[in-house]
């Protein structure tokens, strides 16, 4: 993964969420917006998000890693992807 791609993790994921889940919705996704608290994603949506992250950033997410601490906000996802990619 290129440095530029790593710098754009939040942008890439934000664009995915807006395109696939928030079409026409008036929801602002700040980096720390909780997807669960704001009802951005349901359980199926989280599975789609995890699949997107796996495909886009090139690694597998274990069942034990499917936690809000890793996937409940753009900031959490960025930190998780950075840890996984080293």
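Summary table below
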| item | result |
| --- | --- |
| Candidate set: the range 11-29, residues that are part of a loop (DSSP other than H, G, I, E, B) and touching a helix residue (DSSP H, G or I) at 6+ places or on another chain (Cβ under 8 Å); chosen: the one nearest to residue 81 (Cα to Cα) | 29 |
| Top-ranked residue in the range 67-78 [being touching a helix residue (DSSP H, G or I) at 6+ places or on another chain (Cβ under 8 Å) and surrounded by 14 or more Cβ atoms within 10 Å (Cβ to Cβ); ranked as farthest from residue 36 (Cα to Cα)] | 78 |
| The range 36-58, residues that are in a loop (DSSP other than H, G, I, E, B) and farther than 16 Å from residue 12 by Cα | 36, 37, 38, 39, 40, 41, 42 |
| Scope the range 16-45; condition within 17 Å of residue 79 (Cα to Cα) and crowded, with 16+ Cβ neighbours inside 10 Å; matching residues | 29, 33, 35 |
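Laboratory data are not the source of any read-out in this text; all were calculated from the coordinates shown. Here the structure is a predicted model, which means the values were calculated and not measured. All Cβ positions, glycine included, derive from the backbone under ideal geometry; neighbour counts span all protein chains shown.
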